[in-house]
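Take a look at the structure set out below.
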Amino acid sequence: MGRIITIYCEGKKGSHDFDILEKVVGDFVTIKPIGGKKGANAIIEHLEKGTVKSDYYLFFRDRDFDREVPQHENLIFDGKKTYYSYRTTIENYLLDVSLFFKFIEKKGLSNKYEIETIDDVKNIFIAIAKELKNYQAVRHTLGALRFANTFDTTWMRESGDLPERLELEICQTNGWNLVQNFVDRTYQEWTKSKFDAILNQYLDLFNDDFFENLQFLVYYQGKDFSKMITNKLTDFPLKDYYKFAKEHFSYEAFEDLKELRAIVERQREL
């Protein structure tokens, strides 16, 4: 009998997390979704105390804004059992210029959205990324400042909801208010000057080369980007696109997912 190897993930069966992991390791690993990331370690420890224990297990989750983006395209390991994705969220792995264009062609949407070439898609993606620049820079700033159980990286209620206005001053003010409200309650030594300094680092990072090289597909929050797509392209069938993207998904295009595959393959061979 082979070793029991388990990968825990966010979401549920049929979610993007589950479906992508099936593409990566589903042929010889048990994938167990546990819902959200909050309390994940406690949930996993409880499950591992059940009747069927894993010979090896890990938790694969979105990086979100909980870790800095690595310099190289690799997993982020917490030193215990958790591996963070290189891209910000699982949706980021499905946002692809080439796949998007193929979907547009298959659905006959070229005329509706004036998309005739892959470059048209790239230009739309870049335009969306530039509109989201200030909001995403503030979210990264909040992620860099915070620690567990402090403040969130957005003032919006639901993940994927976007502010009505994305101007820098408005995003900057709303982001700082999250920090300031916590400072007022706990007297933490966060300052507006520190907030602004980190924010300016991200604003500088998000330059012309950043957009031209599509680095926002790594740095931006995938749900935010997807929401902007539906705002820009009226009645765009996002669910159908995600289904199409998952059907044509190849983990071999991503170094961190190849690394994840290699980790569990080594464990299977022990």
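The values are calculated or read from the model by the stated rules, or taken from the named source; none is laboratory data. Model, not experiment: these values are computed from the prediction. Cβ sites come from the backbone with ideal geometry, for glycine too, and all protein chains shown count toward neighbours. Note: accessible area is taken over every heavy atom of the protein model, side chains too, but ligands, DNA and RNA are not part of it. Shrake-Rupley method; radii C 1.70, N 1.55, O 1.52, S 1.80 Å.
What about Glu45, is it surrounded by fewer than 20 Cβ atoms within 10 Å (Cβ to Cβ), part of a helix (DSSP H, G or I) and modelled with pLDDT under 95? Steps first, please.
Working: surrounded by fewer than 20 Cβ atoms within 10 Å (Cβ to Cβ): yes; part of a helix (DSSP H, G or I): yes; modelled with pLDDT under 95: yes.
The answer is yes for Glu45.
Condition (residue is under 30 Å from Asn41 (Cα atoms) and among the basic types (Lys, Arg)) applied to region 151-158: is it met by at least one residue?
Here is the first cut: in region 151-158, the residues under 30 Å from Asn41 (Cα atoms) are 151-158.
Next, only the ones that are among the basic types (Lys, Arg) stay: 157.
The answer is yes, given that some residue of region 151-158 is under 30 Å from Asn41 (Cα atoms) and among the basic types (Lys, Arg).
Can you find even one residue in region 136-145 that is over 12 Å from Tyr220 (Cβ atoms), small (Gly, Ala, Ser) and out of contact with any strand residue (DSSP E or B) (no Cβ under 7 Å at 6 or more places or on another chain)?
yes
Collect the residues in region 216-270 that are more than 14 Å from the chain's Cα centre (by Cα) and basic (Lys, Arg), keeping them in residue-number order.
Lys232, Lys239, Lys243, Lys246, Lys258, Arg261, Arg266, Arg268
Name the helices (runs of 4 or more DSSP H) wholly within region 49-149 that hold at least 1 residues that are buried (at least 18 other Cβ atoms within 10 Å of the Cβ) and aliphatic (A, V, I, L, M)? Please lay out each step first, then the result.
Numbers: elements: 97-106, 110-113, 118-145.
Passing ranges, in order: 97-106, 118-145.
How many residues does region 13-42 contain that are without any contact (Cβ under 8 Å) to a residue 40 or more places away in the chain and open to solvent by 40 Å² or more (accessible area, probe 1.4 Å)?
Count: 12.
Anything in region 247-257 that is buried (at least 16 other Cβ atoms within 10 Å of the Cβ), of a type outside the set (Phe, Trp, Tyr) and more than 16 Å from Asp62 (Cβ to Cβ)? List them, or say none. Before you say what the answer is, go through the steps one by one.
Initially, region 247-257 is screened for residues buried (at least 16 other Cβ atoms within 10 Å of the Cβ), giving 249, 251, 254, 256-257.
Pick out the ones that are also of a type outside the set (Phe, Trp, Tyr) and you get 256-257.
Those that are buried (at least 16 other Cβ atoms within 10 Å of the Cβ), of a type outside the set (Phe, Trp, Tyr) and more than 16 Å from Asp62 (Cβ to Cβ): none in region 247-257.
Search region 196-230 for residues being outside any helix (DSSP H, G or I) and not aromatic (Phe, Trp, Tyr), and hand back the single one that is surrounded by the most Cβ atoms within 10 Å (Cβ to Cβ).
Filtering region 196-230 for residues outside any helix (DSSP H, G or I) gives 206-207, 213-215, 220-221.
Subset that is not aromatic (Phe, Trp, Tyr): 207, 213-215, 221.
Working: Asn207: 11, Asn213: 10, Leu214: 15, Gln215: 16, Gln221: 25.
Taking the candidates together, the pick is Gln221.
Six or more apart or on different chains, Cβ atoms under 6 Å: show the pairs whose first residue is in region 160-184 and farther than 18 Å from Ile128 by Cα and whose second is in a helix (DSSP H, G or I) and β-branched (Val, Ile, Thr).
Taking only residues 6 or more apart or on different chains, the pairs are Gly175/Val138.
Taking the conditions exactly as written (more than 17 Å from Lys133 (Cα to Cα) and either open to solvent by less than 70 Å² (accessible area, probe 1.4 Å) or at pLDDT below 95 (or both)), does Leu260 satisfy them or not?
Values: more than 17 Å from Lys133 (Cα to Cα): yes; either open to solvent by less than 70 Å² (accessible area, probe 1.4 Å) or at pLDDT below 95 (or both): yes.
Criteria met by Leu260.
For region 9-42, which residues satisfy the criterion of being in a loop (DSSP other than H, G, I, E, B) and among the hydrophobic types (A, V, I, L, M, F, W, C)? Please lay out each step first, then the result.
We begin by selecting, within region 9-42, every residue in a loop (DSSP other than H, G, I, E, B); these are 10, 12-15, 26-29, 34, 36-39.
Hits for region 9-42 are Phe28, Val29, Ile34.
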